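Below: one structure, written as structure tokens.
Laboratory data are not the source of any read-out in this text; all were calculated from the coordinates shown. It should be emphasised that the depicted structure is a prediction, and the values quoted were computed from it without experimental measurement. All Cβ positions, even for glycine, are placed from backbone atoms using ideal geometry, and neighbour counts span all protein chains on display.
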Amino acid sequence: MNSFGILSLITFLPLLGALVVAFLPRENPKVLRAAALLFGLANLGLSLLIVNAAGTMVFVERLHWIPAFGVCYGMAVDGISMPLVILSCLVVPIIIATTFHVGRGLKEYLVLLLIMETGMVGVFCATDIILFYVFFELTLVPLYFLIGMFGGVNRIYAAFKFFLFTAFGSLPMLVAILFLLYQHHQATGVWSASIEDLRALRLDAATQNWVFAGFALAFAIKVPLWPLHTWLPDAHVQAPTGGSIVLAAIMLKLGTYGFLRIAMPLAPQAAHSFATPVLVLAVISVIYGAYLAWAQDDLKKLVACSSVSHMGFVMLGLFALEPLAARGAMLQMLNHGVSTGALFLLVGCVYERRHKRGLDDFGGLVKVSPALGIALVITSLSSIGLPGLNGFVGELFILLGAFKTQPVFAILCASGVLLGAIYMLQMVRRVCYGTPNCEEAAHLSDMSVAEKFAFAPLVILMFWIGLAPGFLLERIGPAVDSILAALGNT
Amino acid sequence: MEENLLELIILIPFASVVVQYFLHRVLPARLAGLIACGAVLVPFLLTVVVGRGIGAAAPQVPAVTATIASWLTGGGLEVAFGLRLDPLSCAWTLVVTGIGFLIHVYSLGYMHHDPGFKRFFIYMNLFIGSMLALVLGDSLPLLFLGWEGVGLCSYLLIGFWFEDMNNARAGQKAFVVNRIGDLGFLLAMLMIFQTFGTLDIAAVTNGLSAGHAQGTFALGDARITLIALLLFVGACGKSAQLPLFVWLPDAMAGPTPVSALIHAATMVTAGIYMVARFSVFFALAPVASAVVAIVGALTAFVSATIALRQRDIKKVLAYSTCSQLGYMFLGLGVGAYGAAVFHVVTHAFFKALLFLGAGSVIHALSHEQNAMKMGGLKPHLPRTHWTFFVGCFALAGIFPFAGFFSKDKILGEALLGHGWLFPLVGVLGLITALMTAFYTFRLYRLVFTGPERLDAHAKKHLHESPATMTVPLVILALLSIGGGALSLPAFAHFDILGDYLRPIFAPALAVAGEAAHHAVNVEVALMLVSLAVVIGGAWWAWNRFARGPGDQLPLPQGGLPFLLENKWFVDEIYAIFVVGPMRGTALLAGFFDRYVIDGIVNGLARLCDLCGAVVRLLQNGAVHTYALLFIAGAVYLVCSLL
């Protein structure tokens, strides 16, 4: 099914937006913000056109790019990429709407954010592995600058650490990609970089292991899987609010998406043989991340560590290699994006008011700023998987599925549910309840209209996915089933 | 038609929550309160209407079902927002909405001056909705949704006055302890799905009965036993049984109507509901049933001992609740399912009454809760006094009040049961009955008779409560007097509740074997014994506390009173053996992450830096150094070639 290039439009419209913003005068922040918001919202509107993608790749685009090596500009979406594309397009305008605290450099901030969007959307649409790689790396640069230019006191260390970790993973991935292209040429005599073609390769087990390992390192760092996670808390703590939201909501999903879309289908046998070691790391991430979150006294760091725990859950869902669990993993990617994105948004809101982020710098927030407090409570409940909200649906699917194939890992991860309640609720208690700990904490303004508008879509998503996940499941289901079917056949 | 009404039963409370939340600025407080009350009364009336149709005994379990919307579908899972009103859920729904309505009305008066009045009713309606989801849900995930939903409301209402950090802490404790139980429930759900391939409750229980008939699941099957035990872990959390009962006494930090509704009459009986709902599993797992009976009996006993020496009026009632819940589990464990449900109903009547009565006292005394600082309230609070007095008789289990019949049914089935275990837990239950009567009348004496020991502050506004509060008390008192008529002893051949519930428990009783019918004189003799024990306990307390706590002082020194005063040190044991190590692990993880993992990361970076620095020494920019190296290299090459 060919299309009129809608995916390219969604991908590159933000880049055009970045260009426009770059040429606007920096003296007028309102105009800058309005222009960026316009592009962001327009793109969100466009992205809704792909909402019916499900079992098969649709909106296919294919142009020759480097014909000598069979490299194409290939774009398409299915039920796996569709929600992630839309989430990316949703997150960016949300961030733009809450940039009132960015003073100097707003222009650069917005430009970088829009470039990010191009990278994020592109990476989920790419059906050509070289194109995937290009977009994958493209996301790295704007985020590096976002952290390095707009971050906290330790921003240079954090940005550098983030960049090095990611680059460290990318190199083996590039080697694996080139190796696959070469193998394809050896096997068939033609060059191709299409993921579809590369999936058809029948590599022997040992080769698959090497290929898988090459990809796995890059993706495991992005997820992040224990013990490769230490860049994440630093990056989150130092990043500006927008950077944290993008990082949590989208960037981490590049890792799990990469596993599902690239590493597992390209090395199906290795996906089976690596399942146990990956699951061990996933379980450690779930439990260790939760304990780590418990030990934090800084709001942002707590949320960052909880990310490690939640993403471990997604990995359990993926490597259980079971239809229910895979559905749950996809849902949980979105849920984590929504809930943790919302948490970082709210932490940004309180930080902006208080200029501190310690758990004991607040107290009585639900009394001082009711809307902000209630938003924080609801989001925390979504994060700990309260039934009726989004987190529960994903967790239940993952556990029901994983218990069939990997009961031990499922049971261990289920205990993460308990730990989640402990660290999130003690955070809520210390921040939201009691009385204000000091004079400053007693006079914080409540959510502004812009903040409410930015938060509203996220809270609607929490309830929508929690109560009526059928819409997403119908689209995700066939797509993950086809990937799992391919894994099972080898 | 019936389907639509059934849907309304659960949708009305939730709709009311939404309306109250979004209109909280414009709704006058009084109207909001009335909406909240109506949102409980209407479901009650609807349940009466719909429930009448399912009374007729049929070969299948009679039920009305409805599906509101689909929920979790795909990958071999098919779970909808499906409701199922059968005799068991109907009984619970009537208790929840009936008692719930009375307590809502009471709260109109009790919370009248509270600035959080509207928030209170939003939470209360949310609770009713969640509780109905728990009871009416036809699938395990929906049951779980209600299960966690009531836990959330409990958390929010315990910490209702959150400015005091202790209240917020109590709420958090309740939620976390419950989550331990929920983990058990969740694992049971996973095992059930794996075993039966479905999460529909009726399909699962029917599947198990059929499987047993075909020989797939033998009596004592290990898998079924494990599932039953995991379900029971969940029940222990929600229904405050050993060792997870620690949250309930702390939960008294919430407003008193909450204690009455959530922490006495309804939510805490959810565990009983679950075990009763899955009674076939327990019937097929004698080991699990034995565990249920033992845990129930021990909880009944231990909590009663703690209640003997509590000073806080609500704490006495809280431990009493744990203890009475223990009775119910004891009943479930010995296979007296109907009797356990009967006790849930009567307990809801009299414990709601006692808590609301305590609330009325606390309200009158400007929030004084210490029974040592009460006394002589009888003339000041006439209606509160006589209704509370009725509640004491019912709780103590004195003929002909409601508690007598239900408790006696449980004890009778236990004491006359086969083997050595059932009589043993029965004896434990009998000793508990003695203590129950003692602490009940101790409390009554301390609060209502003897010399006044009030603070000036408490005395200032001493007044009987308004009608919104006393009318529910009177209704509950009448129910506590006559509630026993729902299920008279077997020889009376009048057992409305038992007949109504029979189809629910028929499969379980078919597996475990119907309890033997005993001769009339045996049953009567047993009743007389238990009545004598109870009256003895009551009489003892009546005399001992005739003149207030003065008779109790000086406090007996020594191990046992000290142990009881400190609640067997259970909280401290938890702090040392559970919370401490976990907290330590968290700190250790933080340390490990910072110094070990990041140490390695930063170490590698420094190593690279160092290598760079060494190599950089060569690149020092001085031409003569390069010349020297060049010559040295040339000399080396020439030498090696030669």
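Observations on the model:
- The range B:250-383, dipole about Cα centre (Lys/Arg Cβ +1, Asp/Glu Cβ -1), debye to the nearest 20: 280
- Multiplying the residue separation of B:ARG30 and B:VAL520 by 0.36 nm and removing their Cα-Cα distance gives an extension gain of 171.0 nm.
- Charges were assigned to the Cβ only: +1 to each Lys and Arg, -1 to each Asp and Glu. The resulting dipole of chain B about its Cα centre is roughly 1460 debye.
- Order of B:TYR337, B:TYR21, B:TYR327 - criterion: other Cβ atoms within 10 Å of each residue's Cβ, fewest first: B:TYR21, B:TYR337, B:TYR327
- Axis of helix A:29-47 versus longest Cα principal axis of chain A: the two differ by about 40°, to the nearest ten degrees.
- Within the same chain, aspartates and glutamates fewer than 8 places from B:LYS314 are excluded, and of the rest, those with a Cα less than 12 Å from its Cα are B:ASP250, B:GLU368.
- The range B:414-496: chymotrypsin sites (Phe, Trp or Tyr not before Pro) falling in loop per DSSP and having at most 15 other Cβ within 10 Å: B:TRP420, B:PHE494
- Of the trypsin sites (Lys or Arg not before Pro) in the range A:26-60, not one is in a loop by DSSP (not H, G, I, E or B) with at most 10 other beta carbons within 10 Å.
- The helix-only estimate of mean residue ellipticity at 222 nm for the protein assembly as shown, built from DSSP H runs of length n ≥ 4 each weighted as -39500 (n - 2.57), is -23500 deg cm²/dmol after division by the residue total.
- Förster radius 45 Å - calculated FRET efficiency between B:CYS608 and B:PHE562, Cβ distance, rounded to 0.05: 0.10
- nm² value of the averaged projected area, convex hull over the Cα atoms of the range B:271-416: 8.9
- Stokes-Einstein D for the range B:1-284, Kirkwood Rh over Cα pairs, 20 °C, 1.002 mPa s (µm²/s): 110
- Nonlocal Lys pairs with alpha-carbon distance under 27 Å, the range A:274-490 (8 or more apart, or different chains): 9
- Computed lengthening from B:ALA575 to B:VAL615, 0.36 nm per intervening residue step minus Cα-Cα distance: 8.8 nm
- Both radii were evaluated on the Cα set of the range B:572-641; the Rg over Rh quotient, with Rh as the Kirkwood radius, amounts to 1.57.
- When each of the peptides B:575-582, A:304-311 is scored by the mean number of other C-beta atoms lying within 10 Å of its residues, the order from highest to lowest reads A:304-311, B:575-582.
- Overall dimensions of the protein assembly as shown, expressed as equivalent-ellipsoid semi-axes from the Cα gyration tensor (√(5λ), whole Å, largest first), are 60, 33, 28.
- Chain B: angle of helix B:140-158 to the longest principal axis, Cα-based, in degrees nearest 10: 80
- For the pair A:ALA456 and B:VAL638, a Förster radius of 51 Å applied to the C-beta separation gives a FRET efficiency near 0.05, rounded to the nearest 0.05.
- Length gained when the stretch B:ALA218-B:GLU78 is fully extended (0.36 nm per residue, less Cα-Cα span): 47.6 nm
- 10 Å beta-carbon shell around A:SER369, net charge (K/R +1, D/E -1): +1
- Cβ-Cβ FRET estimate between A:GLU440 and B:ASP455, R0 fixed at 56 Å, reported to 0.05: 0.90
- Other residues within the sphere of radius under 10 Å centred on the Cβ of B:ARG84, judged by their own Cβ, net out at -3 (K and R +1, D and E -1).
- Here the peptides A:431-439, B:277-285 are ranked by packing, the mean other Cβ count within 10 Å, and the order with the highest first is B:277-285, A:431-439.
- Counts of other chain beta carbons within 10 angstrom of each beta carbon in peptide A:416-423 average 5.
- Think of chain B as having a plus end and a minus end, set by charges on the Cβ of Lys, Arg, Asp and Glu; of B:ALA304, B:ILE180, B:VAL17, B:ALA304 sits farthest toward the positive end of this dipole.
- In summary, the lysines within cross-link reach of B:LYS315, defined as a Cα separation below 28 angstrom excluding same-chain residues under 8 places away, comprise B:LYS118, B:LYS173, B:LYS238, B:LYS351, B:LYS373, B:LYS378, B:LYS407, B:LYS409, B:LYS459, B:LYS460, B:LYS567.
- Dipole orientation for the protein assembly as shown: of the candidates B:ALA168, B:MET582, A:ALA325, B:ALA168 has the Cα lying most toward the positive pole (charges on Cβ; Lys, Arg +1; Asp, Glu -1).
- Local charge for B:ILE600 was computed over the other residues whose Cβ lies under 12 Å away, with Lys and Arg +1 and Asp and Glu -1, and equals 0.
- Between B:PHE630 and A:ILE66, the distance separating the two model label sites (each 7 Å from Cα on the Cα→Cβ line) works out to 3.9 nm.
- Applying a DSSP loop filter and a limit of 15 other Cβ atoms within 10 Å to the trypsin sites (Lys or Arg not before Pro) in the range B:389-470 leaves nothing.
- Scattering profile of chain A at q = 0.09, 0.12 Å⁻¹ [log10 I(q)/I(0), Debye over alpha-carbon scatterers]: -0.56, -1.02
- Relative to the dominant Cα principal axis of chain A, helix A:470-488 is inclined by about 40°.
- Here the mean projected area of the convex hull built on the C-alpha positions of the range A:150-262 is 7.7 nm².
- Neighbouring partner chain Cβ atoms per residue of A:424-437, average, 10 Å criterion: 4
- With a 10 Å cut-off around each Cβ of A:157-165, the average count of Cβ atoms from other chains is 1.
- Sorted by Cβ density within 10 Å, fewest first, the residues B:TYR626, B:TYR106, B:TYR273: B:TYR626, B:TYR273, B:TYR106
- Prolate/oblate/rounded call for the range A:388-429, Cα gyration tensor, a/c under 1.5 rounded: oblate
- Charged-residue dipole, Cβ positions (Lys, Arg, Asp, Glu), the range B:114-200 about Cα centre, Debye nearest 20: 180
- Sorted by Cβ neighbour density within 10 Å, fewest at the top, the residues B:MET372, B:MET527, A:MET424: B:MET372, B:MET527, A:MET424
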